[in-house]
Structure formats: structure tokens, C-alpha cells
Amino acid sequence: MKFSWRVVLLWTLPLLVIGFFFWQSSVGSGPTDMGRNTASTRMTYGRFLDYLEAGRVTSVDLYDGGRTAIIEAVDPQIDNRIQRWRVELPGNAPELVEQLRGSNVNLDSHPPRNDGALLGILGNLLFPFLLIGGLFFLFRRSNGVGGGPGQAMNFGKSKARFMMEANTGIMFDDVAGIEEAKEELQEVVTFLKKPERFTAVGARIPKGVLLIGPPGTGKTLLAKAIAGEAGTPFFSISGSEFVEMFVGVGASRVRDLFKKAKENAPCIIFIDEIDAVGRSRGAGIGGGNDEREQTLNQLLTEMDGFEGNTGIIVIAATNRADVLDSALMRPGRFDRQVTVDPPDMKGRLEILEVHARNKKLDDQISLDMVARRTPGFTGADLANLLNEAAILTARRRKEAITMLEVDAAIDRVVAGMEGTPLVDGKSKRLIAYHEIGHAIIGTLVKDHDPVQKVTLIPRGQAQGLTWFTPSEEQMLISRSQILARITGALGGRAAEDIIFGDAEVTTGAGNDLQQVTQMARQMVTRFGMSDLGPLSLESQQGEVFLGGDWMSRSSEYSEEIATRIDSQVRSIVEHCYDKAKQIMQDNREVIDRLVDLLIERESIDGDELRQIVAEHTHVPEKERFVPQL
């Protein structure tokens, strides 16, 4: 139960209502209780005296110390029947009593009762007791007494989820595409189940395993698989759950977590997103977060301190290993660092097979083709891809997923939602020439990735798209491949320049020019692919918060070298742009035909495009354009 002002109000408001009720009972209508002798009809004091002098009054009952009277009198207006009235009497009228006795009227006086005063006293005492009791009940529950989860006063307690036998529903068979990481972690499970196999030869159980990799590659999934396979107590927590605004809370939670883990050893502790608490100490301008650093210090001590933590394996996951403190990364704390990279084509095929188990696929669908078309996709991307295809299948009211839905899902995941097709003829033709310019370069340049599809259907922020798919996994990229990509990226701008003239060039190539400039600059400053020679003039500089001495960092090269770098970048881009324009001029006929076909169909498949280009160019494969500098 969380302690909050909302809960306090929910308990306090009824108590206030009860107290107000008792207060009203004590001061509302006075202490007099007239019982059944009440009258709803009122009579003025003057009229009462007139009735008294006329002899019509038969009885008078005095209440409230003689200030109120209930009289019975003969009413001439209703056939002289006896009627009851209520009369407010003046405070000082002793002669009235003598007059009533002289008129032979039945007179009776009723003294006031003390019940109202007693209720008032009880109400005044009961309300404070109820309020104090309610607050005590809230604090008692917030402290965890009587089954409450404990939040208000137990800040120093660990928030880790504990499972004596983790039932995650994930096993190693459900994890595909990262076989190397699985082998490393399967040994950890074997350590826990059969430690004698390793201790017999003098091996000791690793204290920690750090999973490193980009988002979506399956780090948390591997941890779930370990929990499902190990059959040992399992603690899971996020790095952000250690640090609070209160000083010392994070360190206290770390101590409490390892204390519980030692009581249940051998066991596994999984810390997700450990970079939230394990960043380098002393980082940033003006010092770091002292509370976070003290939490990290306590974590370092617990993992490999004076006492040790025999039987506890700490598994952590992060996608920012570059920001972690060096003391946390050393052997003895994290003995193993397992890199979980995006899968290759074989791994993507295995992942697709796992996620396709519970989906209805058409017999003609080829997961191998899907794996080839999705380079760079992580496991999470592939799971989302098949899910989007299944949603699209249900939307189209089909019984099984076909390649049409998979193709549409790939386009949606990569480029965004499908927009409304263009209607304006001039804009549509200009975008068509721009996209065909990219496609022609990708088809005629030898080292460029082959064209998969050209489309005029808007997706995301793009009004048209040209898809390229590498024929094989590319771990290393050659100089000719980079030049081919620069030329291909400039193909759209070159087509606009040649077809419509320099005055009609649009802003559509803005993103292409950014990519071109970045690739050309990396060729010069990082890869040594220019006239400056094999020199690395720029490095990947870390962010300010990593604690680097950025204020004293000077330029890595002189102003003269900077001028030469700019000159080389400009030379590379201009050379590739001239070659792109030359290709446009030499192949104007096939470009016009492809543009007409693209405007008519709005999409052209890569195989059909290559066939049309081959019919008009008749250029042998070995003689295709190769960019040279």
C-alpha cells in the first residue's frame, strides 16, 4: 500500500463527517426534547393573549425554560374544534403564569434534558480518537505490519523481485540467433546445477556475467532463459530502482539485496540496465551524483569485497558499456563480458522460425527470403515484423500471412506508416525522376547494393523510396563500395539537375547530402582513403558526462590539415556527383521509360527494373561503372 495524501484524504473525510455530525447534535437544536408534544402551526404571542382573554385556551405546556409553549385552544375558524399551536414567549413574563392560573388553564412545565450536552462531550472526545486511530492504522500498514508491502518507512529495503523457482516461460530453446552468447550462459547454468564438474579441476564459479549489446538483441530474454533453466532462487531488479532522492537509500538497498541473496545461495541476481547505477564515478561537469556514486561503491564492495559473496552470480545487461566504471568491469566482479550482437542471416532465420511457431503462415512464404531482406534487424525487430504482418493479415480478413503482408510490414517497420499516394502530376513526376536516379546508379554501378524496390507511395517523412538490399552480410566495406554508395545517394539530386535544370533542383536531397558528407569525411579522417594518406585524424569522442577532460582537449590536427580535409571531402563528393550526372545523361531513354512505368504502377520490383535496364543499356556486367578517384 503506497502512502499518499490521496489515501489520507480518503480516511480523513469520513472522520470529519462523523465529527461534524456529533458537533451538530450538540449545538444544533438545543438541549430540549419536546417528544410527541410538538406542533407545526405557529401562533404569535399577541394572538395567544387574545385567545387567553377570550377563554379559548384550555392547556399550556412550557418548554425550554419558559421560552417556548405548546398550547391547546378552541379555534372558532374550524367549528370551535381544539387546535394545537406553538408560541415563542418573551424571556421575562412572570405575569403570564399568574394570568394562566387565574384563567383556570391546565399549566405544565417541562425542564430541559442533558442528553444533548452528553452527546456533545462524547462527540468532541470521539473525533480526535478516530482521527488518531485512522492515522495510526495508515502508518502501521505503510510500515508493512499486518501484510502491507511496506513503502513509507522501508526505503532502504531492496525492491528486487524474488522467485524461489523462476517460472518465466522462457528456455534456451526459445532463444535463437545468438548461439555464442547462449553457450557462455549455458555454462553458468551448469555451474549452478553441477558445480562438482568444474571444482574437480580447480575451476571456480564466475562471480558476474555482463551482457553487452544494442537494444533489442535479446539480453533480457537471455536472463529469462537462465532463470527458467537454472531452477535456483532468482532476484531481478533494474538499475534505476537502487537510487532515490534520499541519501544512503541506494547503498542500503544494495546491502539488503545481497543479504537476501546470501540467505538463498546459490542464486542468481539479474540487474537490468546497470548503466543507470554503474556510470563512471566523477563524471560530468562539477562532479557527479554523490548518492549514485555511493550506491556504486556499495555494489563494488558486495560483488568483490572483503567478505565475498560465495554462491551468488550477478548477471547484468546494458547497451552502454562505454559509460560503465572501470572498477565494475574488471575480473572478479564481472568475470565474463558476453557481447550480444545483431544476428546474421542464419541467426535471423532461426529467430523468424521461433516467432513463427504460433502464427499461421502461407505455404508459399519463404522465411529465408525474409531473413535476406532484413539485414541489421535485431530479434525484437523481427518479432515486431511478424506481429505487424499478422495484424495486417487480420485487417485484410485473410486466413494466413502471405508475402504481401510481410513486405508491407517490412516497409512499415523500416520507413513508417503508408501515406496517401501523390495526386499532383508535376510533383509526382519530379519525385519519380529522383527515385529512378537512385535506382539507376544502384543498378549500373558495380559495387553498389542491388535495388529491391522503387516506390512512390509515401512512408513516414519520405514522399518516395528506393530500397537496396545487400546480397550478403557485409562485415567490412571497401573503398569502392563507399564511393558507390556516395554516388548512389547523389543519384536523385543528379537526376533533378539533368532532367529539370539547376533552377528546378529541390530540397528532396537534403538527407542524401548529409549521408554523403558524413561518408566522405569518414573516408578522409578515419579510414585513410584519401590523398592525406593512411591517417586517422578524428576519433569517436565520448560524451561530456563520461568524465573526459573535454575542456583541455585540443584539436587533433592543425588548421592546414583541416583545410586539406575539407578539400578532400569536397573533391570526393564532386567527383561522384559528376559521375552520377554522366550516368543520367548516358541513360536518359531508359530513365524516361522507367519514370513513366513508375508513375503508372507507383511501385517497380527490383528484378523487373534490372531487366528493363539490361534491355536498353546492353552493358556487360564487368564493364559497369566503377567510381575511381
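Every read-out reported here was derived from the displayed coordinates using simple, explicitly stated rules and does not represent laboratory data. All values derive from a computational prediction rather than experimental measurement. As a convention, Cβ positions derive from the backbone with ideal geometry for all residues, glycine included, and neighbour counts pool all protein chains shown.
From the backbone phi of the range 583-599, what are the Karplus-calculated ³J(HN,Hα) couplings (6.51 cos²θ - 1.76 cosθ + 1.60, θ = phi - 60°) in whole Hz, Gly and Pro given as x?
With coefficients 6.51, -1.76 and 1.60, one gets 5, 5, 5, 6, 10, 4, 5, 5, 5, 4, 5, 5, 5, 4, 5, 5, 5 Hz.
Report Rg (one decimal) and Dmax (nearest whole number) for the range 403-540, counting Cα atoms only, units Å.
16.7, 51
What FRET efficiency, computed as 1/(1 + (r/R0)^6) with R0 = 35 Å and r the Cβ-Cβ distance, is obtained for Met475 and Asp407, rounded to the nearest 0.05?
It comes to 0.85.
So which of Lys219/Lys398; Lys224/Lys398; Lys193/Lys219; Lys224/Lys259 end up more than 31 Å apart, counting from Cα to Cα? Kindly include the intermediate steps, with their values, before the conclusion.
Numbers: Lys219/Lys398 35 Å; Lys224/Lys398 34 Å; Lys193/Lys219 22 Å; Lys224/Lys259 23 Å.
Distance filter (> 31 Å) returns Lys219/Lys398; Lys224/Lys398.
What area, in nm² and to one decimal, does the C-alpha convex hull of the range 42-112 cast on average over all directions?
Values: hull surface 17.5 nm².
Value for the range 42-112: 4.4 nm².
Within a 10 angstrom radius of the beta carbon, how do Ile604, Ile226, Ile82 rank from fewest other beta carbons to most?
Values: Ile604 22, Ile226 28, Ile82 12.
Lowest count first: Ile82, Ile604, Ile226.
Would you give the gap between the C-alpha center of the range 574-602 and the C-alpha center of the range 224-252, rounded to a whole Å?
When both Cα centres are located, 58 Å separates them.
Which value results for Rg/Rh of the range 487-539 when Rg is the Cα radius of gyration and Rh the Kirkwood radius based on the inverse mean 1/r? Don't skip to the end; give the middle numbers.
On the way: Rg = 14.4 Å, Rh = 12.5 Å.
Radius of gyration relative to Kirkwood radius: 1.15.
What residues have an amide H closer than 5 Å to that of Leu89, excluding those fewer than 5 places away on the same chain, when H is modeled at 1.01 Å from N in the peptide plane?
For Leu89, the qualifying residues are Thr68, Ala69.
By DSSP, what percent of the beta bridges with both residues in the range 161-339 are antiparallel, rounded to the nearest 5? The partial results should precede the final answer.
Details: 4 of 24 bridges.
Once the DSSP bridges in the range 161-339 are tallied, antiparallel ones form about 15 percent.
Based on other C-beta atoms within 10 Å, arrange Glu241, Glu418 from fewest to most.
Values: Glu241 19, Glu418 14.
Neighbour counts put them in this order, fewest first: Glu418, Glu241.
Can you compute the modelled spin-label distance between Thr44 and Glu183, with each label point 7 Å from Cα toward Cβ, in nm?
Reported label-point gap for Thr44 and Glu183 is 11.2 nm.
Do you know the relative contact order of the range 345-414, to the nearest whole percent, from alpha carbon pairs under 8 angstrom that are 6+ apart? Provide the component values of the computation, followed by the final result.
Details: 65 pairs, mean separation 26.6, N = 70.
Here the relative contact order equals 38 percent.
Dividing the alpha-carbon radius of gyration of the range 161-339 by 2.2 N^0.38 Å (N being the number of residues), what value is obtained?
In units of the globular-protein estimate, the range 161-339 measures up at 1.00.
Restricting everything to alpha-carbon atoms, can you work out Rg to Rh for the range 425-623 with a Kirkwood hydrodynamic radius?
Details: Rg = 19.1 Å, Rh = 18.4 Å.
Taking Rg over the Kirkwood Rh, I get 1.04.
Taking 7 Å along the Cα-to-C-beta vector as the label spot, tell me the Asn387-Arg197 distance in nanometres, rounded to one decimal.
3.5
Any idea what the relative contact order of the range 161-339 is, in percent, if you count C-alpha pairs under 8 Å spaced at least 6 apart? Please report the intermediate quantities before stating the final value.
Values: 300 pairs, mean separation 57.5, N = 179.
Computed over the range 161-339, the figure is 32 percent.
To make sure I understand, if each residue's beta carbon is the centre and we count other beta carbons within 10 Å, what order do Ser366, Ser558, Ser236 fall in, fewest to most? Let's see the in-between values first.
Values: Ser366 13, Ser558 9, Ser236 20.
Ordered by Cβ neighbours within 10 Å, fewest first: Ser558, Ser366, Ser236.
What ³J(HN,Hα) values, in whole Hz, does the Karplus curve 6.51 cos²θ - 1.76 cosθ + 1.60 give for the range 556-573 when θ = phi - 60°, with x put for Gly and Pro?
Couplings: 7, 8, 7, 5, 5, 5, 4, 5, 5, 5, 4, 5, 5, 4, 5, 5, 4, 5 Hz.
Counting Lys and Arg as +1 and Asp and Glu as -1, each charge on the Cβ, what is the dipole of the range 425-623 about the Cα centre in debye, to the nearest 20?
On the way: 21 positive and 32 negative charges, 34 e Å.
My answer is approximately 160 debye.
Could you go through the range 356-370 in sequence order and give the Karplus-derived ³J(HN,Hα) for each residue, using 6.51 cos²θ - 1.76 cosθ + 1.60 with θ = phi - 60°, rounded to whole Hz, and x for Gly and Pro?
Per-residue couplings from phi come out as 8, 4, 9, 10, 8, 9, 5, 5, 8, 6, 10, 5, 5, 5, 5 Hz.
Given bins 5 angstrom wide, list per bin the percent of all Cα-Cα distances in the range 345-414, short to long.
Going out from 0 Å in 5 Å bins, the range 345-414 shows 3, 19, 34, 28, 12, 3, 0 percent.
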